[in-house]
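As structure tokens, the structure follows; a few thoughts come after it.
Since every read-out is calculated from the coordinates, none of them should be taken as a lab result. Computed from a prediction, not measured in an experiment: that's the story for all the values here. Here the Cβ positions follow ideal geometry from the backbone for every residue, glycine too, while neighbour counts run over all protein chains shown.
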Amino acid sequence: MNIPYTVEERPDTGLSNGKFGIWLFLASEVMLFGALFSTYIILRTGAPEWPHGELNVWLGMANTFILIGSSVTMVMAWASLKLGDWGKHRLYLMLTFLLSAAFLVNKYFEYAAHWTHGELPDKSTFLAIYFTLTGLHGIHILGGMVVMAYFLGPGAKLYKTKPEQFTNRIEYTGLYWHFVDLVWIFLFPVLYLL
Amino acid sequence: MHADQASIKKSIRSYMMIGAALFVFTGITVAANQVHLAVPIAITVALIIATMKGSMVASVFMHLSHERKWIYGALILTVIGFFILMTVPLFTTLDHIGTPIHVAAPASEHTVH
């Protein structure tokens, strides 16, 4: 079966189906994280006291730098494809994958430190919302890594037969990845600094 | 050179500049936190910087500065939904469900009689 509008734009929307689809998905993601941010506000404003300095700001800042760096490499992976430079695309996509892995390793050390100190979600409201928000975000990082691994591995074959469709797929992956970065941009000050 | 490729090469410069700006703003956010401002000011500063960073990612990396109207339409609906979600906490402070208004009532009745 031939799926229509994977490369060419639909006459009614002016968009390829994949692009409109990923934006609708991201809209649903905004609502998911929005509901959790709203929950955070309710819990924080309702709490008699809220802990400060519980989290390691420097580890959080390092992870922010890592994710921003990965956003740059991700957009460069797409731009390299648009310029027809396959080698640079592979390099940038691999860098994005490695940076996302570094983010998770960093997060593992943070979680491990909490675990050894007995700071688990059942200990306080702050820790409960912290683990919920960062855990959900971490799952999104993992999901992005699976998609990137696919395009670094078996999914790369598509470039030989349908380079434009492959380029579009990398663009959609990038849109998702930038959204994951965007969520962290808000999570970092809300959880680590305020 | 193809016109599309020329515009991509031009965009790469802006990707790098935005990336650098995001690093700088992250540094400023952490530096502001080290100053130990009053909580309302700290929250305002941190959220303003985060909003600026988020806008840069969305407009440049996600190309929202020049997208089609269908995407803007979908996002406007999302923004409306998001603000409704953000007003939910307000309703929890405006209502009086769960407050012990009936506990104090008998005592005041006794004083009247």
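Before moving on, here are some points about what is shown:
- Shielding by partners, peptide A:47-57 (average Cβ within 10 angstrom, other chains): 1
- Three-way shape call for region A:11-75 based on the alpha-carbon gyration tensor, with the a/c threshold at 1.5: oblate
- About the Cα centre, charge dipole magnitude for the protein assembly as shown (Lys/Arg +1, Asp/Glu -1 at Cβ), debye: 1200 debye
- Per-selection metrics, region A:54-138 (Cα): Rg and Dmax in Å: 16.5, 53
- Dimensionless Rg over Rh [region A:65-194; C-alpha; Kirkwood]: 1.07
- Each peptide in B:38-46, A:12-20 was scored by the mean count of other Cβ atoms within 10 Å over its residues; highest first, the order is A:12-20, B:38-46.
- B:ARG13, A:ARG90 arranged by Cβ crowding within 10 Å, fewest neighbours leading: B:ARG13, A:ARG90
- Table column - 3J(HN,Hα) (Hz), region A:10-25, Karplus curve with 6.51, -1.76, 1.60, x for Gly and Pro: 5, x, 7, 9, x, 10, 6, 4, x, 5, 5, x, 5, 5, 5, 4
- Applying 0.36 nm per residue to the separation of A:TYR111 and A:GLU164 and subtracting their alpha-carbon distance, the gain on full extension is 15.0 nm.
- Extreme residue, positive dipole direction of chain A, given options A:THR96, A:TRP23, A:GLY153 (C-beta unit charges): A:GLY153
- Computed from backbone phi with θ = phi - 60° and the Karplus coefficients 6.51, -1.76 and 1.60, the 3J(HN,Hα) list for region B:76-81 is 4, 4, 5, 4, 4, x Hz; x is used for glycine and proline.
- Amide H contacts of A:LEU15 (H built 1.01 Å from N, under 5 Å, at least 5 apart or other chain): A:ARG10
- Taking a ≥ b ≥ c as the square roots of the eigenvalues of the alpha-carbon gyration tensor, the protein assembly as shown is classed prolate because a/c is 1.5 or more and a/b outweighs b/c.
- Averaging Cα coordinates gives a centre for region B:25-63 and one for region A:123-159; these two points are 24 Å apart.
- Table column - 3J(HN,Hα) (Hz), region A:65-76, Karplus curve with 6.51, -1.76, 1.60, x for Gly and Pro: 4, 4, 5, 5, x, 5, 5, 5, 5, 5, 5, 6
- Pairs from A:LYS160/B:LYS9; A:LYS19/B:LYS53; A:LYS88/A:LYS157; A:LYS19/A:LYS82; A:LYS19/A:LYS162; A:LYS82/A:LYS160 whose Cα-Cα separation, in the structure shown, is over 20 Å: A:LYS160/B:LYS9; A:LYS19/B:LYS53
- Inverse of mean 1/r across different Cα pairs in region B:1-85, Kirkwood, Å: 15.3 Å
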